[in-house]
Amino acid sequence: MSFKKSQKLYKKGLVNLVGAVNSPVRAFTSVGGNPLFIKRGRGSQIIDVDGNKYVDLVLSYGPMILGHRHNKVQKAINKALKNGYSFGASTENEITLAKIVCDAFPGMDKVRFVNSGTEAVLSGIRLARAFTGKNKIIKFSGCYHGHQDALLVAAGSGLATLSLPGSKGVPEGAVKNTLIATYNDLDSVKKHFDENHDIAAVIIEPVGGNMGVVIPQNSFLKELKEYLQTKGALLIADEVMTGFRSKFGGAQELLGAEADITCLGKVIGGGFPVGAYGARDEIMENVAPLGGMYQAGTLSGNPIAMAGGISTLKELKRQNPYAKFDNIGDKIQSIILNAGKKYDVDVTVNRFGSMMNPFFTKVEVTNFEQAQTSDTNKFAVFFWEMIKNGVFLPPSQFEAWFLSSAISEEDILKIEKAVNKSFQKIQEEE
Ligand SMILES: *Cc1c(COP(=O)(O)O)cnc(C)c1O
C-alpha cells in the first residue's frame, strides 16, 4: 500500500494550512506518520488520493450515517442548488427540517438552526443562562462540547490526544463559571450545588463520545435530571454526536431523561454544516426575535444544508437501520474481544448503538480517568495495521468509531481480517 500522493499533498499543505489540516483531530500526531488525503467516497467506503480503498468507520466523525453520496441526498442537493445558494431570508426547507427534528424529540417545541455543533452548544448555554438568570455551568471531565472558550476545559479527545489539559488563549474569566464533574458520578455534581448557588445548567453528552465511547451507568442520566429539577437548574443534552445515532431522535429518550435544552449537529446536516438547539416553547421564547437572548447567523438555515439534512433524515427514517446497527455493532465488538483473547492483548470495547471503540486497557471504562489508562502506543500500532488492511479509523484512542447504514457483510469480513492482523501485530511488537 503506497501513500506517496498523500505524503506529497501533506508537505504541500503544510505551507499554507496549519499542520495541513483544518481540525486538529485529523492530524496523526498520536499515531505517528502523516494524514491521508481522501479523494472520494461512496456508500460505506472511501478512496484516498493514492487509490487505496477503505471501509470508513470515521464517517466525517459521525454525520455520514447513510454512507457517502447516498442517491437520494445527492438528488436533493442538486435540486436545491438550482434555486440559489443563500438568501438571508427564510425558505420553506427550514420549516420542513424543523418539523422533522421537533417531532423526533418529545421535549422540543421549537428549534433554531446554526452552522456547527460548537455554535449549537454555545447558544444552548447562553439560552440556559438567559432563562434561569444564573451564570455557572457544570460540565463533565472528558466531554467535548465544541471549541467555545467557556467549555474548553477537561474537554476530551482532541486535547487528550495532544496531551493538553486545556487550551492556550482561553482567558481565566471565560472559564470561571465552568465547574467540572465526573461522568457517572452524581455526587460530584451534588458537591458543586452544595458549594454554589448560581448554577444555570449541567451539560452532558448523554453517551460520552469524545473520550472514546463512555456509557452512562444504571440510571445516571435519569437521576441527574431528577436532581436538577429539585435545584431549579436545567439539563442540557449535547446530542451533537448522539442525535439520530441510536434511535430516530435522541439518546436521552433511551436513557430515561428528557433534557430541557438539546443541542444537535453532525447527522442532522448529513455532511453539510448544520447545527441546532431546541427546547420547549417556554425556553425558546427567550431567543431573539421573540425574546432578549441574541443569537444570529448569516448562513444559518442555509438552503443547501437544509436539503442535505431533510433528505438524510427522511431516508434514515425510511431505512430505520437501528436494529441493523446493533447487530453489526455486536459482531464487530465480538471480533475485537475475540482477537484480544487470541493474541493476549488487554482490550475493553464500549458500544452504544452505532458508536463504539476499543480501549487498550483491562479496566472497565466508565469515565475519562479510566479511558486514560489505555495504552496509546498499542493503539498506534493497531491504527496503522487497520489502515494497511483497508479500514479507516479516527487517528486517536479517544475517538468513537461510527457505523453507516451502507455497511455490508463483505465490509465486516474485511474488518474482521484487519482486526486479527492488527492484534497479531501488537502481540509481535510487545
Ligand atoms: C462534534 C461535537 C461538537 C462540536 O461540533 P462541531 O460541528 O465540530 O463544532 C460538540 N459536541 C459534541 C458532543 C460533539 O461530538
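Could you please find all residues in the range 367-393 being in a loop (DSSP other than H, G, I, E, B) and at pLDDT below 95? Spell out the reasoning first.
Filtering the range 367-393 down to residues in a loop (DSSP other than H, G, I, E, B) leaves 367, 372-375, 389-390, 393.
Selection gives Asn367, Gln372.
Is it the case that the range 23-46 has a residue that's of a type in the set (Lys, Arg), touching a residue at least 60 places away in the same chain (Cβ under 8 Å) and open to solvent by 40 Å² or more (accessible area, probe 1.4 Å)?
Within the range 23-46 (the criterion being of a type in the set (Lys, Arg), touching a residue at least 60 places away in the same chain (Cβ under 8 Å) and open to solvent by 40 Å² or more (accessible area, probe 1.4 Å)), the answer is yes, since at least one residue qualifies.
For Gly124, which of the numbered conditions (1) more than 16 Å from the ligand (Cβ to nearest atom); (2) touching a residue at least 24 places away in the same chain (Cβ under 8 Å) fails to hold?
Answer for Gly124: the failing condition is (1).
Take the range 79-93 and flag every residue that is assigned to a helix (DSSP H, G or I) and open to solvent by 80 Å² or more (accessible area, probe 1.4 Å). Break it down into steps so the answer makes sense when it comes.
Our first condition is that a residue be assigned to a helix (DSSP H, G or I); within the range 79-93, this holds for 79-81, 92-93.
Selection gives Lys79, Glu92.
Working only within the range 176-194, note down all residues that are of a type in the set (Ser, Thr, Tyr) and free of Cβ contacts under 8 Å to residues at least 24 places away in the same chain. Steps first, answer last, please.
So in the range 176-194, the residues of a type in the set (Ser, Thr, Tyr) come out as 178, 182-183, 188.
Result: Ser188, single match.
Table: residues versus (1) at positive phi; (2) in a helix (DSSP H, G or I); (3) aromatic (Phe, Trp, Tyr).
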position	(1), (2), (3)
Gly33	yes, no, no
Arg42	no, no, no
Pro63	no, no, no
Lys72	no, yes, no
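With the condition kept exactly as written, say whether any residue in the range 366-387 is small (Gly, Ala, Ser) and surrounded by fewer than 20 Cβ atoms within 10 Å (Cβ to Cβ).
First, the residues of the range 366-387 that are small (Gly, Ala, Ser): 371, 374, 380.
If we keep only those that are surrounded by fewer than 20 Cβ atoms within 10 Å (Cβ to Cβ) too, we end up with none.
There is no residue in the range 366-387 that is small (Gly, Ala, Ser) and surrounded by fewer than 20 Cβ atoms within 10 Å (Cβ to Cβ).
In the set Ser311, Ser219, which member is away from the ligand (no atom under 13 Å from the Cβ) and free of Cβ contacts under 8 Å to residues at least 60 places away in the same chain?
Working: Ser311 fails: free of Cβ contacts under 8 Å to residues at least 60 places away in the same chain.
Exactly one of Ser311, Ser219 is away from the ligand (no atom under 13 Å from the Cβ) and free of Cβ contacts under 8 Å to residues at least 60 places away in the same chain, namely Ser219.
Taking interchain pairs and intrachain pairs at least six residues apart, which have beta carbon atoms under 8 angstrom, with the first residue in the range 224-253 and at positive phi and the second within 11 Å of the ligand (Cβ to nearest atom)?
Phe244/Val267; Phe244/Ile268; Gly249/Gly243
For every residue, the table says whether it meets (1) open to solvent by less than 60 Å² (accessible area, probe 1.4 Å); (2) away from the ligand (no atom under 16 Å from the Cβ); (3) out of contact with any Phe, Trp or Tyr (no Cβ under 6 Å at 6 or more places or on another chain).
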| residue | (1), (2), (3) |
| --- | --- |
| Leu66 | yes, yes, yes |
| Ile77 | yes, yes, yes |
| Ile95 | no, yes, yes |
| Lys99 | no, yes, yes |
| Ala104 | yes, yes, no |
| Asn115 | yes, no, yes |
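Going through the range 54-64 one residue at a time, which ones are among the hydrophobic types (A, V, I, L, M, F, W, C) and within 16 Å of the ligand (Cβ to nearest atom)?
We begin by selecting, within the range 54-64, every residue among the hydrophobic types (A, V, I, L, M, F, W, C); these are 55, 57-59, 64.
Hits for the range 54-64 are Leu57, Val58, Leu59, Met64.
Select from the range 239-260 the residues that are open to solvent by 10 Å² or more (accessible area, probe 1.4 Å) and within 14 Å of the ligand (Cβ to nearest atom) and write down the one among them that is farthest from Tyr322 (Cα to Cα).
The extreme case among them is Val240.
Only residues that are open to solvent by 10 Å² or more (accessible area, probe 1.4 Å) and more than 17 Å from the chain's Cα centre (by Cα): list them for the range 47-64, please.
The answer is Ile47, Val49, Asp50, Gly51, Asn52, Lys53.
If I ask for residues that are open to solvent by 10 Å² or more (accessible area, probe 1.4 Å), in a helix (DSSP H, G or I) and under 24 Å from Pro273 (Cα atoms), which ones from the range 117-152 would you list? Spell out how you get there, then give the answer.
Let us first name the residues in the range 117-152 that are open to solvent by 10 Å² or more (accessible area, probe 1.4 Å), namely 117-119, 122, 126, 129-136, 141, 144, 147-150, 152.
Remaining after also requiring in a helix (DSSP H, G or I): 117-119, 122, 126, 129-132, 149-150.
The answer is Gly117, Thr118, Glu119, Leu122, Arg126, Asp149, Ala150.
Which of the residues that make up the range 261-277 are under 12 Å from the mean Cα position of the chain (by Cα) and open to solvent by 10 Å² or more (accessible area, probe 1.4 Å)?
Lys266
The values are calculated or read from the model by the stated rules, or taken from the named source; none is laboratory data. Bear in mind the structure is a predicted one, so any value in this text is a computation, not a measurement. Neighbour counts run over all protein chains shown; Cβ positions are idealised from the backbone, glycine included. Accessible surface areas use protein heavy atoms only, side chains included; no ligands, DNA or RNA. Shrake-Rupley method; radii C 1.70, N 1.55, O 1.52, S 1.80 Å.
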